[in-house]
Every structure is written in C-alpha cells, then in structure tokens.
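This report refers to the structure that appears directly beneath it.
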Amino acid sequence: MSLNDRKIQILQAIINDYIETAEPVGSRTIAKKYNLGISSATIRNEMSDLEEMGFILQPHASSGRIPSDMGYRLYVDHLMQKKELGPEEQKYLQSIISRDISQIDYLMEETAKALSLLTNYTTFISEPVGQRTRIKQIRLLPLDNVSVLLVIATGDNFIKNHVIKMHSVPSDEKLFEIGMCLNRVLQGRALQEIDGAVISKMQMELQDYSELLPPILKAIEITMQAAEKVQVHMSGAKNILAFPEFSDIQKAKSLFQTLEEKDVLVTLLEESKSNDLQILIGSENSVQGMKDCSVITATYKMGDNTRGTIGIVGPTRMDYSQVISVLNGMVQNIEKVLRNLSDGNKNT
C-alpha cells in the first residue's frame, strides 16, 4: 500500500485540524473544511488505509481519527510548513536581550519565562557548560581580623565566593600579592590539572601562609565541580494543565513528577547537546513520564567548546512549526547576549 499524494493531503488535514482543535477528525470535517475535491466516502477509505499503515488512530469506535506518533514524525520530517516569527514575537525576543543582563543565571531564567509565555508550553534551559571549566581569576579580600573572602571566577563566567578563617588576616597589600601568586600558578588550569607538582609549587610560594592553602584548594574543588554541574531553569510547568490531553489527574500528576526531577531534565538536555535541533515525539522519548509529550530541544553555543540546551515540552499535537521558529529565534538572541557578556568580560 503506497502513501500517495491524496493520502498525504488527508493526513496533513487530520494533523492540522487536530493540532488546532484537540478533537478527533472525521471524514465530513475534512470534506467541508479542506476542499480536497473528493467525497466523504473516498476520504473514509483513505483514512482506513492510513490507519492500517499506522499513521493515524481511532481512539473510539464511533469517533474520528487522530495522528499517531508515526504520523507526527512523517509530518515533522516531510510535510510541515516552516513558519517565520511574527513582528510581535520578534519584538518580544528583542526585549529580552535589550535588558541589562550581566549574570548568566538571570539570562536563563528570563529566557525560560519568555519561551513559556510565547509558546504556552513548558520550557527548561540549561546554563552553558564547557568541556573543561578553567580558572579565570582568583581574588582575596579582607572581611575582618580573622576572615578572608576568596573569590573564584571561571572562564565561563561562573563566580563563587568562599569565606576562609585565619588566625590573623594579612594586610591588604599582602593579600593582593598572595592573589597574584595564586593566579600565576592556577590561571587557565582545569581542576584535573591541579596535580602534585602544582600544589608543591603553591606550597613553596605560600610557605609563610601555609594555613591558607588547604581551604583554598578545597574551595577551588567545590567551585570547579559546581561550575561543571549542569544548572537547569524551568518555567511554565502549569501550562500543561490547559491542554485537554492532561485533564486526567493521574496523567498530569505523572508528568509533573517527571518535570520536578531535575536529573531527568539534565539527562534529556545532555542527550540533545550533539544536535542543533532535536524533536522527540511521544514514544520516542526515553523518559517514561513523557510518553504522551513531545520534546523539542535546540542547542546554543558560547564560544567553541561551551554549549547549553533549550527544551520545550508540550502535548504531541503541539504546534511544531511555531515552536521551532521561536526556538531558532531565541537561540540567536541568547548567543548574541552571551557574546556581549564574553566581550565585556574580556575588556574588564
């Protein structure tokens, strides 16, 4: 049985109508609404063939048809019309990047909120993580007579502060010299590169302040591990309740529990990083709690080796074309902001 042009037209009509209405589509609806030039009886025959081929389903004996995951896959890969962002959508995306954003975590939160508002779906986004996080700068600042503030910044703009207790805090000038020494030895190094030889060199240069070294090394380890851990921001989780597919309490509860498990989201995002754009439809998802959803992810880049991922979760009848156009637009905006952030840091 071949998938001829007429079957493709009918399948496309079923998918378009079901995305719009969430109601099973009957032959009469297609005949009246889509002007295909064929009778309801012919449409019914073609729908039977499409069902036999696995592209559509009949949820109830007396109902119309709905697309299957296989039908959506054919639609996404071959039939979907590309959408362009409308003027209002473009203006809204531009408003995100026109703000004075100096922190990556704030940018990610704003991006997640913007996408959930634009698409009415659930959005999650990971902060950019490099293949290996490296130390960019270390500073030591006096807090009081017995406390020093250690500030560690990494190459991907992750900053963490640590308070170190001492018997007696050195002068401001001496703390500056210690900081310069630490930077000479550690700047540009990844955690894995701080080996015995590096530590011995630091011990020799800081022998008059040996009590500082163990807490500094511990703080560096904590900072670098935190910087390399994927941080995920989510917005619009409740949006899913607006769709009739999730009016069933158990189904909605299962999805909410899945969305609350950050490790699951991290796994989804990490699996998507090798692809600029990835669409997982229903049963294609490896996550059990998302078998009734589609997940579209797009990767954004910050430099050559640092990447993050944006994900959109919605029902399988989501407006794929609209989501893809919004995602592509947002990726361009995020990369522009990150370039500005990176350039700004280089100049400081």
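A short reminder: the numbers here are calculations on the coordinates, not readings from a lab. A quick note: this is a predicted structure, and the numbers were derived from the prediction, not measured. Quick reminder, even Gly has a Cβ in these numbers, built from the backbone with ideal geometry, and neighbours come from all protein chains shown.
Report P(r) for the chain: all Cα-Cα distances, bin width 10 Å, range 0 to the bin holding the largest distance, values in whole percent.
For the chain, the binned pair fractions read 5, 21, 23, 19, 14, 9, 5, 3, 1, 0 percent.
Arrange the following residues from fewest to most other Cβ atoms within 10 Å of their Cβ: Thr122, Thr309.
Thr122, Thr309
For the stretch 5-79, what is the relative contact order in percent, using Cα pairs closer than 8 Å and at least 6 residues apart in sequence?
Value for the stretch 5-79: 34 percent.
Need the list of aspartates and glutamates near Lys136 for cross-linking: C-alpha distance under 12 angstrom, and skip anything on the same chain fewer than eight residues off.
Asp156
With viscosity set to 1.002 mPa s at 20 °C, what whole-number translational diffusion coefficient in µm²/s follows for the stretch 204-260 from Stokes-Einstein and a Kirkwood radius over Cα pairs?
137 µm²/s
With a ≥ b ≥ c taken as the square roots of the eigenvalues of the C-alpha gyration tensor of the stretch 1-150, please select rounded if a/c is under 1.5 and otherwise prolate if a/b is larger than b/c or oblate if it is not?
Prolate, because a/c is 1.5 or more and a/b exceeds b/c.
Using just the helices of the chain, give the 222 nm mean residue ellipticity in deg cm²/dmol: DSSP H runs with n ≥ 4 each add -39,500 (n - 2.57), and the total is spread over all residues, rounded to 500.
For the chain, the value works out to -15000 deg cm²/dmol.
Could you give log10 I(q)/I(0) at q = 0.11, 0.25 Å⁻¹ for the stretch 153-233, computed by the Debye formula over C-alpha point scatterers of equal weight, without solvent?
For the stretch 153-233 at q = 0.11, 0.25 Å⁻¹, log10 I(q)/I(0) is -0.32, -1.46.
Among the listed pairs Lys82/Lys251; Lys113/Lys301; Lys33/Lys251; Lys174/Lys201, which have their C-alpha atoms separated by more than 23 angstrom in this model?
Over 23 Å Cα-Cα: Lys82/Lys251; Lys33/Lys251.
Taking the Cα atoms of the stretch 8-74 alone, what are Rg (to one decimal) and Dmax (as a whole number) in Å?
Values for the stretch 8-74 (Cα only, Rg and Dmax): 10.5, 28 Å.
Whole Å is fine, so just give me how far the alpha carbon centre of the stretch 31-101 lies from that of the stretch 188-234.
Measuring centre to centre over Cα atoms gives 53 Å.
Output the direction-averaged projected area (hull surface divided by four) of the convex hull of the alpha-carbon atoms of the stretch 128-287, in nm².
Average projection, Cα convex hull of the stretch 128-287: 13.1 nm².
Listing Cys293, Cys181 from the residue with the fewest other Cβ atoms within 10 Å to the one with the most, what is the order?
Cys181, Cys293
Using Cβ contacts closer than 10 Å as the measure, can you line up Thr111, Thr258, Thr42 from fewest to most?
Thr42, Thr258, Thr111
Taking H placed 1.01 Å from N in the peptide plane, check which residues at least 5 places from Thr122 or on another chain put their amide H under 5 Å from its amide H.
Val313
Can you give the net charge of the other residues whose Cβ lies under 15 Å from the Cβ of Ile66, counting K and R as +1 and D and E as -1?
So the environment of Ile66 carries a net charge of -4.
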